[in-house]
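Let me begin by presenting the structure, written as structure tokens, before commenting on it.
Just so you know, all these numbers are worked out from the coordinates, no wet-lab data involved. This structure is a prediction, so every number in the text was calculated from the model and none was measured. For neighbour counting, all protein chains shown are included, and Cβ atoms are generated from backbone atoms with ideal geometry for every residue, glycine included.
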Amino acid sequence: MGVFTFVLRNSGGEWKGKQHSGDIEASAASTFQLQRLLVQAALAVDSSGGVQSSFSTVSPTSAVFQVIVGGAAFVGGGVAAAAPAGAAPAAEAAAPAKKEEKVEEEEDEEEFGLSLFD
């Protein structure tokens, strides 16, 4: 898995991207074009799997762009496609406990003689 972090800056109408700790550099007329070039450059270095990217504007003339190659694939809204083996049983054990707590709260209201319509 490769993680590539780039600092992007706009100077004179041209966007330039330089890898934070590395030698990859590119420039383009727009951030969209620059992102595409940087993804291709990252894939030329590491093509071990799927690609994820993240773009964050810092100011009108600067941004941070990160490319992650390989690793776990994420599906719809950040839910991991491949969860660790121990995660499912732990989640199932926690779900019944929450239901029991709600039942206890309802019983407490009845004990005090509280009603919604009093």
A chain fully extended from GLN33 to MET1 at 0.36 nm per residue, minus the present Cα-Cα distance, gains in nm 9.1 nm
Per-residue Cβ contact counts at 10 Å, fewest first, order VAL67, VAL3, VAL39 as VAL3, VAL39, VAL67
